[in-house]
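Okay, so here's the structure we're looking at.
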């Protein structure tokens, strides 16, 4: 599993102008099962996305297609972790430690 942290590198006016395209991009990745949760950071200097997958390179490739990235408005930090304990609603995404 992955925590994708976005840090704004542009003004909020530019972020807000690009927000509809970013929200559409989020929707596509919720639909394909990659994203589990997302939202703004507080204070509003970026955002966080919880993503599922086993391939870090594939997740990093997804981040590069974010309209915020394409327009040079954010930087991503990708943190991979093993979700070995999850709430019941996330049981399908529970991971096991490597042997």
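Quick notes on this structure:
- Of all residues in segment 80-96 being outside any helix (DSSP H, G or I) and touching a residue at least 60 places away in the same chain (Cβ under 8 Å), the one that is farthest from residue 15 (Cα to Cα): 95
- Residue in segment 30-41 that is loosely packed, with under 13 Cβ neighbours inside 10 Å, within 17 Å of residue 90 (Cα to Cα) and touching a strand residue (DSSP E or B) at 6+ places or on another chain (Cβ under 7 Å) present: yes
- Count - residues of segment 48-79 that are surrounded by fewer than 13 Cβ atoms within 10 Å (Cβ to Cβ) and either at pLDDT below 95 or outside any helix (DSSP H, G or I) (or both): 6
- Only listed residue being out of contact with any helix residue (DSSP H, G or I) (no Cβ under 8 Å at 6 or more places or on another chain) and either under 25 Å from residue 87 (Cα atoms) or without any contact (Cβ under 8 Å) to a residue 60 or more places away in the chain (or both), chosen from 62, 69, 3: 3
- Condition broken by residue 13, with the remaining ones in (1) under 14 Å from the mean Cα position of the chain (by Cα); (2) part of a helix (DSSP H, G or I) satisfied: (1)
- Complete set of residues in segment 25-44 that are part of a helix (DSSP H, G or I) and free of Cβ contacts under 8 Å to residues at least 12 places away in the same chain: 27, 28, 30, 31
The values are calculated or read from the model by the stated rules, or taken from the named source; none is laboratory data. Here the structure is a predicted model, which is why all the values come from computation and not from measurement. Here Cβ is always computed from backbone atoms with ideal geometry, including for glycine, and neighbour counts include all displayed protein chains.
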